[in-house]
Amino acid sequence: MARKNTVTRFLSDIIDDTKDFVDDLIDRAKDAEEDLRDAVRNVVDDDEDETAPTAKTASTADLQALTVAVAELTATVNALAAAPTAPKTRTTKAA
């Protein structure tokens, strides 16, 4: 059975196709919005990670500062170990 091509059928087909087109546009816009939100979250999370360095992301300046501090502490400990000890003095209480 052949379908009759009438003006109302033609307009109905155009309207149905337009509805499908608009639905597809809305779905793609939703997907793009979600992808954009995820991208912004990732950028913000990466920025927060950079402001609070962890052991895995310590900067070169931090490592150099720690190396200098350890060297100074080692020198201080070695100097104290090499220093002669003062004799112990006994204090007696007067009765």
Do we have GLU72 as of a type in the set (D, E, K, R) and at pLDDT 75 or above here? yes
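Look at LEU36 and say whether it is under 24 Å from the mean Cα position of the chain (by Cα) and modelled with pLDDT of 90 or more. Break it down into steps so the answer makes sense when it comes.
Values: under 24 Å from the mean Cα position of the chain (by Cα): yes; modelled with pLDDT of 90 or more: yes.
Spelling it out, LEU36 is indeed under 24 Å from the mean Cα position of the chain (by Cα) and modelled with pLDDT of 90 or more.
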What number of residues in segment 1-13 are surrounded by 10 or more Cβ atoms within 10 Å (Cβ to Cβ) and not aromatic (Phe, Trp, Tyr)? 4
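The values are calculated or read from the model by the stated rules, or taken from the named source; none is laboratory data. Predicted model only: the values in this text are computed from it and were never measured. Neighbour counts are summed over all protein chains in view; Cβ atoms, including those assigned to glycine, are modelled from backbone coordinates with ideal geometry.
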